[in-house]
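Worksheet for the structure shown next.
The values are calculated or read from the model by the stated rules, or taken from the named source; none is laboratory data. All values reported here derive from a predicted model rather than from experimental measurement. Here the Cβ positions follow ideal geometry from the backbone for every residue, glycine too, while neighbour counts run over all protein chains shown. For accessibility, only protein heavy atoms count, side chains too; no ligands or nucleic acids. Shrake-Rupley method; radii C 1.70, N 1.55, O 1.52, S 1.80 Å.
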Amino acid sequence: MLTVLGGLAGIDCDLIRARNGEGRERAKLRGSQAGHLGAATFNDQTAMTRDRKRQRRLLGAAMSFKHDFPANSVIEAPGHRALKCMDVESWRLSTKEESLAYIFKERANTIKARSARKARPSKRTASPKLSSLLVVRRQLSPVDLYCYLKARFGDPNGFQNFLRKDDSGNWIHWDFDLRAGDESVYICSTSREIHFLLSESLTDENWRDFILRIKADYKRVGKRKSEVLKSFEKWVIFTNKFVEVANICADLHAQIADNVGKHGTYKPLLSNTTKIKGDVRKSNEQMKDFIDRILKISNNCLVLSLLTPVLSEAFINMIILITCKRNIRENERQFDAFIRSHIDTKIFDLAYKCEGFAKAIDHEADVFKKFKRVMDQRNHRIHGNINPEREKIEIVYFEGKRPLFMEQGDNVEKYFETLQQEHIPQNVIRDYEDTYDFLMEIVGCLKPGLREGVWRVIEDPYPGYDLGRKVTGSLFSADSLATATVHMKGIMRYDDELAVDWSTSA
């Protein structure tokens with residue numbers, strides 16, 4: 001409204017100047033001298049006051065609108081061409097001929113620019129004039145926009161739709177080739193970004209209004225949009241705890257294996273200090289280095305021994321989540337009891353409560369017995385400080401507050417011996433490897449055709465769970481998680497880089 005009033009005011013000024021100019025010309029022809037007008041009469045003053053009040057009322061009405069125009073309205077200042085893409089409701093699917101013509105036109109422009117650069121390599125040539133491009137990563141949700149477009153136009157009709165593979169690893173997942181009159185409106189989406197390519201030239205304010213008008217038009221097709229959304233599978237992406245723990249355990253195992261026996265043996269200082277006189281600093285540095293190495297390997301052993309049982313539990317739970325029979329999964333009490341059962345019972349029930357097992361786990365096999373020993377030690381580590389006699393280091397007597405040790409020796413030496421006895425690196429490594437062997441034994445009990453699919457999900461750091469069908473799957477490849485961005489210098493912009501206020505309505 002302000003734009004309209006401003007345009008009308010500009011036209012009035014032009015008309016006044018024109019009439020004044022004509023009056024001066026007539027005065028000159030009559031031989032009169034053009035000058036100031038005489039004092040206004042009472043009637044003239046009354047008319048001017050009435051006009052000023054009317055203008056203030058119009059201005060107040062315009063301000064009260066606060067740009068609250070209908071979603072399909074297109075208002076431009078006089079002398080400026082209205083943008084056809086802003087009329088969102090008039091969008092239509094492009095015809096085959098229109099799509100091919102646009103593709104060949106852009107291709108011809110690119111070839112022309114390359115030829116010009118080859119002909120004049122020493123002189124920089126301007127790139128072909130491209131359409132307006134904006135990448136939206138903040139103001140529009142990919143699923144909302146896709147449902148809106150599909151509700152209006154059906155399946156995607158863009159050229160990229162015919163090139164995509166039937167999986168989730170494509171760079172462009174969907175695209176629509178639309179028309180607003182004779183202007184092109186091309187929309188495509190990567191994983192989380194939406195790319196708009198328009199044949200019209202848009203300012204920052206135009207882009208803001210364009211996006212807000214699309215969002216405002218959601219309500220018009222809200223029912224069909226909701227039906228489209230309900231037709232999709234709904235997956236929950238979750239963190240695979242097995243992968244997290246397995247990565248930590250693998251690093252700890254490598255560090256312990258690489259440093260077993262390299263920390264050396266503690267030797268008490270000799271009584272003849274003259275042999276180390278002048279070399280005290282070096283001796284202290286060696287002692288510090290020895291202490292750091294032995295503490296590091298002891299800490300790694302402690303963490304790995306605690307995580308090894310957690311690793312096995314996470315692995316077995318993933319096997320259950322992937323292969324559990326439907327009748328067990330849909331019965332909440334049975335499924336919960338299965339997950340929370342003792343490790344022996346859980347392993348025994350795998351072949352009976354899960355799909356795809358060719359044979360049951362052999363409880364008499366050595367690989368199971370070794371695993372069972374590791375799991376039995378877990379309870380002792382987790383429920384520590386319960387049986388001090390079992391966890392004793394040594395015995396010391398007290399007469400009042402006077403300590404009397406049974407074992408002689410050096411205090412520091414005794415401390416290091418205790419650490420090495422409590423966390424024996426070779427035993428920790430053995431327990432970890434025995435556990436991993438048993439996990440491979442579980443996979444070996446599956447039917448051959450199922451093993452590859454199970455491994456793909458187990459090794460996926462972010463698998464998915466279908467809430468409707470209650471199935472687990474690997475949704476994305478490792479490569480598809482990396483965001484690919486095409487850099488086009490000078491034309492690539494993002495919605496959060498526009499110099500606009502998004503709180504302003506379109």
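Taking the Cα centre of each part, how many Å lie between the range 293-314 and the range 404-465?
7
What net charge do the residues around R224 carry, taking every other residue with its C-beta under 9 Å from that of R224, with Lys and Arg at +1 and Asp and Glu at -1?
Value of the local net charge: +3.
Place the peptides 402-410, 252-260, 328-336 in order of packing, highest mean first, counting for every residue the other Cβ atoms within 10 Å and averaging per peptide.
Final packing ranking: 252-260, 328-336, 402-410.
7 Å from Cα along Cα→Cβ at both N284 and V303: what's the point-to-point distance in nm?
Taking the two extended label points, one gets 2.9 nm.
What does the highest-first list of 238-244, 162-168 look like by mean Cβ count within 10 Å?
Packing proxy ranking, top to bottom: 238-244, 162-168.
Treating cross-link reach as a plain straight distance, find the aspartates and glutamates whose alpha-carbon is under 15 Å from the alpha-carbon of K234, omitting any fewer than eight places away in the same chain.
D144, D466
How much accessible area per residue does the range 139-270 have, in Å², with a 1.4 Å probe?
Averaged over the residues of the range 139-270, the accessible area is 53 Å².
Which whole-Hz couplings ³J(HN,Hα) result when phi for each residue of the range 197-208 is put into the Karplus expression 6.51 cos²θ - 1.76 cosθ + 1.60, θ = phi - 60°, listed in order with x for Gly and Pro?
Each residue of the range 197-208 in turn: 10, 10, 7, 9, 8, 10, 7, 4, 5, 4, 5, 4 Hz.
Pairs to check: K241/K414; K241/K359; K84/K150; K241/K370; K165/K359. Give those whose C-alpha atoms are more than 30 Å from each other in this structure. Walk me through the intermediate numbers first.
Numbers: K241/K414 39 Å; K241/K359 27 Å; K84/K150 21 Å; K241/K370 24 Å; K165/K359 37 Å.
Correct reply: K241/K414; K165/K359.
Could you work out how far apart the two model spin labels at R220 and N259 are, taking each label as a point 7 Å from the Cα in the direction of the beta carbon, and quote it in nm?
6.7
Taking the range 191-238, which trypsin sites (Lys or Arg not before Pro) meet the DSSP loop condition and have no more than 15 other C-beta atoms within 10 Å?
Listed in order of number, the matching sites are R192, K234.
Residue by residue, what Karplus-based ³J(HN,Hα) values in Hz, rounded to whole numbers, does the range 214-230 have, using 6.51, -1.76 and 1.60 with θ = phi - 60° and x for Gly and Pro?
Calculated HN-Hα couplings, in order: 4, 5, 5, 7, 4, 5, 5, 10, x, 5, 5, 4, 5, 5, 5, 4, 5 Hz.
Gain in length, A358 to E459, computed as 0.36 nm per residue apart minus the alpha-carbon separation, to one decimal in nm?
Value of the extension gain: 34.2 nm.
Report, ordered by chain and residue number, the aspartates and glutamates lying within cross-link reach of K447, taken as a straight Cα distance under 13 Å and ignoring same-chain residues fewer than 8 apart.
Once the sequence-local aspartates and glutamates are set aside, what remains near K447 is E355.
Give me, ordered by chain and number, the residues 5 or more places off C324 or on other chains with an amide H under 5 Å from its own placed amide H.
Amide H neighbours of C324: E355.
Under a point spin-label approximation (7 Å from Cα along Cα-to-Cβ), what is the M406-D344 distance to one decimal in nm?
3.3
If I stretch the segment between S191 and F159 completely, what's the gain in nm (0.36 nm per residue apart, minus their alpha carbon distance), one decimal?
Contour length minus the Cα-Cα distance gives 9.8 nm.
Give me the aspartates and glutamates in straight-line cross-link reach of K369: C-alpha distance below 13 Å, same-chain residues under 8 apart excluded.
Result set, ordered by chain and number: D344, D431, D434, D437, E441.
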